[in-house]
1. Kindly evaluate GLY327 against the criterion of being surrounded by fewer than 21 Cβ atoms within 10 Å (Cβ to Cβ), touching an Asp or Glu at 6+ places or on another chain (Cβ under 6 Å) and more than 26 Å from GLN390 (Cβ to Cβ).
2. Could you tell me whether any residue of segment 274-288 is touching a helix residue (DSSP H, G or I) at 6+ places or on another chain (Cβ under 7 Å) and farther than 30 Å from GLN586 by Cβ?
3. Pick from PHE496, PHE577: which is closer than 18 Å to PRO627 by Cβ, among the hydrophobic types (A, V, I, L, M, F, W, C) and touching a residue at least 60 places away in the same chain (Cβ under 8 Å)?
4. Would you mind finding the one in ASP429, ASP444 that is over 25 Å from the mean Cα position of the chain (by Cα) and touching a residue at least 40 places away in the same chain (Cβ under 8 Å)?
5. Can you tell me which residue among TRP596, TRP648 is in contact with a strand residue (DSSP E or B) (Cβ under 8 Å, 6 or more places away or on another chain), in a helix (DSSP H, G or I) and either among the polar types (S, T, N, Q) or assigned by TED's automatic domain parsing to the domain that holds VAL665 (or both)?
6. Please work out if ALA159 is surrounded by fewer than 21 Cβ atoms within 10 Å (Cβ to Cβ) and modelled with pLDDT of 95 or more.
7. Under 8 Å between Cβ atoms, at least 6 apart or on separate chains: pull out the pairs that start in segment 127-149 with a residue that is closer than 17 Å to VAL176 by Cβ and free of Cβ contacts under 8 Å to residues at least 60 places away in the same chain and end on any residue that is of a type in the set (Gly, Ala, Ser) and in a loop (DSSP other than H, G, I, E, B).
8. Among what's in segment 495-506 and is assigned to a loop (DSSP other than H, G, I, E, B) and out of contact with any Lys or Arg (no Cβ under 8 Å at 6 or more places or on another chain), pick the residue that is farthest from GLU73 (Cα to Cα).
Amino acid sequence: MATPPPPSAPHRPYVREHHGDAVEDPYWWMRDLEDPDLLAYLEAENAYADAGTAHLAPLRRTLFDEIKARVKEDDLSVPVASGPWWYFSRTAEGKQYATQVRAPRTDGTGRPDPEGAALPGEEVVVDGNVEAGDSEFFSMGALTVSHDHRLVAFAVDTAGDERFDLTVREVASGRVLDTAVTRIGYGCEFSRDGRFVFYTRVDDAWRPFQLWRHRVGTDAAEDVLVHQEDDERFWMGVGSSRDERWLMLSLGSKTTSEVHLLDSSDPEGTWRVVAPRREGVEYDVEPADDRLLVVHNTDTPESDLAWAPLEATSHEQWVPLLSSGDGERFVGVDAFDTATVLSLRTGGLTALRVLPRDVTSVSGHGTPWDVQVDQPVHSIGLGDNPEPDQTAIQVVVESWTTPRTVLDVDLATGARTELKRQPVLGGFDPADYEESREWASAPDGTSVPVSVVRHRSVSADGSNPGLLSAYGAYEISSDPYFSVARLGLLDRGVVFAVAHVRGGGEMGRRWYDDGKLHAKTNTFTDTVAAAEYLVASGWVAADRLGIEGGSAGGLLVGAVLNLAPERFRVAHAAVPFVDALTTILQPELPLTVGEWEEWGDPLHDPEVYARMRAYSPYENLRATRYPAILATSSLHDTRVYVTEPAKWVARLRETVTNDPADRPVLLRTEMSAGHGGRSGRYAAWEQVAWEWAFVLDQLGATERVEPLSG
């Protein structure tokens with residue numbers, strides 16, 4: 001049966017005018033998410049995508065089955081000590097979501113091994129499967145336990161719009177105490193006595209801008225507004241210190257931050273500003289017993305570490321403790337009774353530096369040392385470490401080919417003990433795969449790191465299929481991580497590569513600054529350079545390279561395709577920010593005003609307008625052959641409206657010269673999902689199998705290089 005013709009979106013005349021530039025936009029009407037014509041169009045696109053990929057159903061099933069066969073479905077996390085309990089999570093075969101549980105902690109006994117049967121006295125804290133019910137989507141935005149471990153507060157979203165309803169419950173009895181607070185933002189915290197819960201609310205642009213105090217068990221109409229942030233660039237978040245002595249309100253734009261503290265034992269008291277905001281200065285605060293630790297960028301873009309008196313109210317009270325070295329970027333700090341742990345980047349990778357506490361020294365710390373990692377290309381970070389008096393910390397290490405591994409690291413000796421390595425079934429052997437960090441040369445001569453991951457049977461002979469991934473925005477780094485699903489690509493001979501382009505944070509703050517605002521095009525030309533390197537080095541055949549990216553990485557995909565469509569055979573753009581200029585011109589939309597510090601303000605600055613006009617994917621399509629394109633989106637995504645990929649696909653179809661039978665352009669929208677796609681692990685596996693089946697088919701890489709072991 002022949003594939004039906006692609007849907008045709010209606011044209012409605014509209015002209016966007018700014019700074020003397022008039023742009024016809026016949027799909028402007030798609031901004032109305034409740035327009036029946038838009039919903040009908042999305043449904044038609046889904047039907048077209050299903051029809052055009054019907055032949056891939058067996059491959060999708062195979063990919064899903066391979067993922068499922070690799071995963072230990074009945075599994076659990078490493079138990080973490082907190083007060084009189086061990087907290088951990090369980091997953092069960094056939095269940096979409098994890099169950100958070102706890103078991104009594106007995107003095108003198110070590111960490112329990114709860115493999116299999118429940119431990120004596122084990123209690124369910126929150127069962128995600130029960131809370132999800134029959135909802136097609138489920139996400140938990142907050143989960144916190146009161147200081148006395150009697151109560152749990154958690155917030156649930158069953159639509160995908162990142163607005164959460166709050167529940168407070170007694171853990172032991174399961175008795176619900178409060179459901180009065182609804183439609184809150186991420187995060188909530190108890191006061192020390194458990195009588196109050198602090199939470200954030202969002203404005204019409206989906207920005208967390210208010211902090212509220214709610215007395216448990218009362219009407220939400222009686223809640224008290226604690227703080228309102230009127231600067232539209234700033235978001236807020238609420239948290240607590242490790243010792244639960246302090247409640248913490250963090251306010252931040254893309255370039256400036258401010259932290260407020262409140263004694264958690266005085267929930268109705270007055271919050272104190274640690275240091276009033278100064279434009280362009282970012283700082284994070286960590287209460288450390290009798291002092292505050294501060295990571296800040298006052299003197300260097302890569303940040304330094306300072307300490308301040310516990311009662312500090314000004315940056316003038318900050319005392320230097322440790323300066324970042326060449327090639328280093330200080331990211332954050334965690335305080336324990338016997339040591340301080342600094343998170344940083346060095347040489348393009350993550351690292352942890354331990355500063356032993358030494359009360360005899362002027363700084364209060366001894367000689368620092370770094371936690372050792374065996375893999376040359378890796379990610380390392382702190383795991384769950386809730387207790388200030390821990391003498392060992394939980395550390396998580398992984399790489400592109402090494403499964404996620406949880407270690408216990410002794411703060412006094414540095415000795416490492418492996419607590420758990422992510423189980424990978426089906427005969428997985430890490431020696432079957434290889435990874436390397438390589439370097440591409442950008443047009444301006446900058447060396448751009450590229451991670452290259454492949455099956456051991458693959459050689460650089462110029463014949464291989466390849467998939468290039470990139471992001472490059474917000475100083476977010478594309479650090480190495482292990483993926484069971486990715487094995488399905490590698491086992492089919494696909495060379496998987498990640499371009500660590502400017503705009504991300506891999507090489508420090510300057511790397512980010514060189515890929516934002518006026519320098520944004522570096523992000524795109526770096527990606528093209530990485531693609532050219534993969535071909536020139538022999539890792540990938542010139543006619544078998546794909547590209548993928550999501551959100552701001554979707555903007556990257558669209559911009560790169562406009563620059564060099566001939567470089568790629570297939571592209572997957574997930575929840576792509578492809579109509580960036582139109583969106584950033586509308587300050588009433590979610591995220592927009594805060595985004596001006598990332599992209600610039602095209603509404604008021606004609607130079608910024610011209611710059612974005614020159615790279616915004618929707619505005620710069622060319623009448624030439626593009627790769628096969630799959631755009632994926634979610635109807636309830638509040639970060640990148642479905643409007644953007646829908647408009648982009650409609651304009652692609654009427655602009656590019658592709659033969660739809662050979663290089664189709666598809667739009668697939670999840671009708672019950674958010675920015676991160678479908679929820680639930682089985683649903684997520686089905687989604688990734690759908691997407692990668694399309695990519696593999698276009699790359700001619702549907703067959704495994706060796707069979708999956710049993």
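1. Working: surrounded by fewer than 21 Cβ atoms within 10 Å (Cβ to Cβ): yes; touching an Asp or Glu at 6+ places or on another chain (Cβ under 6 Å): no; more than 26 Å from GLN390 (Cβ to Cβ): yes.
Considered against the rule, which asks whether it is surrounded by fewer than 21 Cβ atoms within 10 Å (Cβ to Cβ), touching an Asp or Glu at 6+ places or on another chain (Cβ under 6 Å) and more than 26 Å from GLN390 (Cβ to Cβ), GLY327 comes out as no.
2. yes
3. Working: PHE577 fails: closer than 18 Å to PRO627 by Cβ.
That would be PHE496, the only listed residue that is closer than 18 Å to PRO627 by Cβ, among the hydrophobic types (A, V, I, L, M, F, W, C) and touching a residue at least 60 places away in the same chain (Cβ under 8 Å).
4. Numbers: ASP429 fails: touching a residue at least 40 places away in the same chain (Cβ under 8 Å).
The unique qualifying residue is ASP444.
5. Working: TRP596 fails: in contact with a strand residue (DSSP E or B) (Cβ under 8 Å, 6 or more places away or on another chain).
Going through TRP596, TRP648 in turn, the sole match is TRP648.
6. Numbers: surrounded by fewer than 21 Cβ atoms within 10 Å (Cβ to Cβ): yes; modelled with pLDDT of 95 or more: no.
Criteria not met by ALA159.
7. GLY128/ALA98; ALA142/GLY187; SER146/GLY194
8. The initial filter retains those residues of segment 495-506 that are assigned to a loop (DSSP other than H, G, I, E, B), namely 500-501, 503, 505-506.
Those still in the list that are out of contact with any Lys or Arg (no Cβ under 8 Å at 6 or more places or on another chain) too: 500-501.
Values: HIS500: 33, VAL501: 35 Å.
Checked segment 495-506; the qualifying residue farthest from GLU73 (Cα to Cα) is VAL501.
The values are calculated or read from the model by the stated rules, or taken from the named source; none is laboratory data. Bear in mind the structure is a predicted one, so any value in this text is a computation, not a measurement. Because the Cβ atoms are built from the backbone with ideal geometry, glycine has one as well, and the counts that use them run over all protein chains shown.
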